[in-house]
1. For helix 9-30, what angle does its Cα long axis make with the longest principal axis of the chain, in degrees from 0 to 90 and rounded to 10?
2. How far is it, in nm, from the label point at Ala51 to the one at Arg9 when both lie 7 Å from their Cα along the line to the Cβ?
3. Report, as a whole number in µm² per second, the diffusion coefficient that Stokes-Einstein gives for the range 71-142 at 20 °C and 1.002 mPa s using the Kirkwood radius over alpha carbon pairs.
4. Once phi is turned into ³J(HN,Hα) by the Karplus curve 6.51 cos²θ - 1.76 cosθ + 1.60 with θ = phi - 60°, what whole-Hz value does each residue of the range 86-94 show in order, with x for glycine and proline?
5. Net charge around Leu13, counting only other residues with Cβ within less than 13 Å of its Cβ (Lys, Arg = +1; Asp, Glu = -1)?
6. Could you pull the Rg and Dmax for the chain, using just the Cα atoms, both in Å?
7. How large is the charge dipole for the range 9-67, taken about the Cα centre, if only the Cβ atoms of Lys, Arg (+1) and Asp, Glu (-1) carry charge, to the nearest 20 debye?
8. When the label point is put 7 Å from the Cα of Ala80 along its Cα-to-beta-carbon vector, which residues of the range 95-118 have a backbone N closer than 18 Å?
Amino acid sequence: MASLKSPSRIIQLATTILESVTIIDHGLASDGIASPTFDEASFKILPELSAHHDAVLDVISELLDLLLEPLDLIHRHSGAISEFKIADLVPLRGQISCDDIATQTPITSEMTARLLRYAMTMRIFREPEPGMVVHTAVSEPCAGQ
């Protein structure tokens, strides 16, 4: 008997998108609301559909990030990381503190931490312990670019 393999992450995300969008579409149709378009005043999310709406947006973002090449992802999300060559400051297979990165850039320690945490929400870098930064599969190829 063949073993059942779990679907890949991108298939899971696509399935979630389809399920949530179907619920949104049926909910809009049942209230006589047209499907979203770019026409003026064409779309208003119903409160009872907001959780599905939020889920779709979150999942689309993750799927997009997974399918983008690492350099495209970084350029899409954060020009400051490229501008200040922050990926070069993080050691390969090692870690560095936010404060140490800040001392090597023209931005304050507080702004550096904020920038890095924002980048981490987009899977650029990771914080293995408070205040420490390591590469992810997204940021590592950008080191030395």
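Each reported figure results from applying straightforward, stated rules to the coordinates on display, with no laboratory input. This structure is a prediction, so every number in the text was calculated from the model and none was measured. In this analysis, Cβ positions are derived from the backbone assuming ideal geometry, glycine residues included, and neighbour counts consider all displayed protein chains.
1. The angle comes out at about 40 degrees.
2. Between Ala51 and Arg9, the label points sit 2.5 nm apart.
3. 183
4. Using θ = phi - 60°, the values come out as 5, 4, 5, 7, 8, x, 5, 6, x Hz.
5. Taking every other residue near Leu13 into account, the sum is -3.
6. Values for the chain (Cα only, Rg and Dmax): 19.9, 61 Å.
7. With only Lys, Arg, Asp and Glu charged at Cβ, the dipole is about 120 debye.
8. Inside the label zone: 97-118.
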